[in-house]
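Notes follow once the structure below has been shown.
The values are calculated or read from the model by the stated rules, or taken from the named source; none is laboratory data. Since the model is a prediction, treat every value here as computed from it, not as a measurement. Every residue, glycine among them, receives a Cβ derived from its backbone with ideal geometry; neighbour counts consider all protein chains shown. Surface areas here come from the heavy atoms of the whole protein model, side chains and all, with no ligands, DNA or RNA. Shrake-Rupley method; radii C 1.70, N 1.55, O 1.52, S 1.80 Å.
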Amino acid sequence: MKWDILIGRTVSILITGKEDKTENYMGMVEKIEDDFLFLDTQNPNFTIEKIIFKVNLIKSVWVYK
């Protein structure tokens, strides 16, 4: 997949996390670099500001309007 098309878009990402459990995160894709996707959570009430995923862990992506 051409991950660059997601830059600047608000997405919800389902990944395979620890112990093969699925995890879901939502935010704006900031950049794609060296097979990593940088997700800005855009939520002032959420402790984590950015999440960086290896793209091979991504199971699905929902793109919001």
Open item on the list: I'm checking my understanding of the structure. Among residues of the range 6-21 that are assigned to a strand (DSSP E or B) and farther than 15 Å from Val63 by Cβ, which one is most open to solvent (accessible area, probe 1.4 Å)?
Closed with: Thr16
Task: Output for the range 25-41, where each listed residue is within 16 Å of Val11 (Cα to Cα) and open to solvent by 60 Å² or more (accessible area, probe 1.4 Å) - done: Met26, Glu30, Lys31, Phe36
- [ ] Say whether the condition of being within 10 Å of the chain's Cα centre (by Cα), part of a strand (DSSP E or B) and among the polar types (S, T, N, Q) is met by at least one residue in the range 22-35.
- [x] yes
TODO: Sort through Thr41, Thr10, Thr47 and tell me the only one that's among the polar types (S, T, N, Q) and touching a Lys or Arg at 6+ places or on another chain (Cβ under 8 Å).
DONE: Thr41
Open item on the list: Give me the residue from the range 42-65 that is among the aromatic types (Phe, Trp, Tyr) and surrounded by 11 or more Cβ atoms within 10 Å (Cβ to Cβ) and, out of that set, nearest to Thr10 (Cα to Cα).
Closed with: Trp62
